[in-house]
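For reference, the structure discussed in these notes is given below.
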Amino acid sequence: MKKRVMVVDDSRVQEYQICKLLEGSDFEVAAYCENGEEAIARYEEVQPDIVTMDIIMDGIDGLEAAQVIAEAHPDARIIMVSSLAYEDTINEAETIGAKLFLYKPIDRDTLLKALEQAMQGE
C-alpha cells in the first residue's frame, strides 16, 4: 500500500511536480491544500503519512500551520519545502517539529530520500 502525502503549497505547479516525481514510487499524493488554514482543517480527514509544507503562503504560513498540526498530532511527519534558505527559518522549522527541510526546486531522488527518511521510525 502506498504511503499518502498531503501537499501544502499555494502553487498548483508544485503539486503537479510532486505528483510527477512520485510516479512509480511507494508514495502518492492523497490531498492538495493551497494554504495553511486548509491543511490544518483537512489533516484529520486525510490522515496523511507525510505532509510537504511550503512556508510562504497567504493567511497562515507554513511554519504556523506546521506548528498547529504538530501540536494536535505529535506523530505528524512534516517536511518543509521552500526556496527560503535562511538558517533561522530552518531552525524554527526544526523547533516546530518538522522532520526535514527541502529546497525548491526539488528533484526526484532528493524528494524520495526525504520521504523515506521521514518514514523511518514508524
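The values are calculated or read from the model by the stated rules, or taken from the named source; none is laboratory data. As the structure is a prediction and not an experimental result, all values here were calculated from the model. Cβ coordinates were reconstructed from backbone atoms using ideal geometry, including for glycine residues, and neighbour counts include every protein chain displayed. In case anyone asks, the SASA skips ligands and DNA or RNA and just uses the protein heavy atoms, side chains included. Shrake-Rupley method; radii C 1.70, N 1.55, O 1.52, S 1.80 Å.
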Output the peptides 11-22, 31-42, 47-58, 91-102 sorted from most to least packed, where packing is the average of other Cβ atoms within 10 Å over each peptide's residues. 47-58, 31-42, 91-102, 11-22
Using amide H atoms built 1.01 Å from N in the peptide plane, name the residues 5+ places from V81, or on other chains, whose amide H lies under 5 Å from its own. M53, D54, I55, L102
Please state the charge dipole magnitude for the chain, taken about the Cα centre, from unit charges on C-beta atoms (+1 on K and R, -1 on D and E), reported in debye and rounded to the nearest 20. 500 debye
Residue by residue through the stretch 79-84, which ³J(HN,Hα) values in whole Hz follow from phi under the Karplus form 6.51 cos²θ - 1.76 cosθ + 1.60 (θ = phi - 60°), with glycine and proline marked x? 10, 7, 10, 7, 8, 6
Fraction of accessible area attributable to carbon and sulfur, the chain (%, probe 1.4 Å): 45 percent
Does the stretch 1-88 come out rounded, prolate or oblate, given a ≥ b ≥ c as the square roots of the eigenvalues of its C-alpha gyration tensor, rounded meaning a/c under 1.5 and, failing that, prolate meaning a/b above b/c? oblate
Taking the Cα-to-Cβ direction at M119 and at A72 and moving 7 Å from each Cα, how far apart do the two end points lie in nm? 2.5 nm
With a 1.4 Å probe and all protein chains left in place, how much accessible area per residue does the chain have, in Å²? 54 Å²
Estimated [θ] at 222 nm from DSSP helical runs (n ≥ 4, -39500 (n - 2.57)) normalised by residues in the chain, nearest 500: -13500 deg cm²/dmol
Would you please give the residues with an amide H less than 5 Å from that of A30, counting only those at least 5 places away or on a separate chain, with H modeled from the backbone geometry? V5, M6, V7
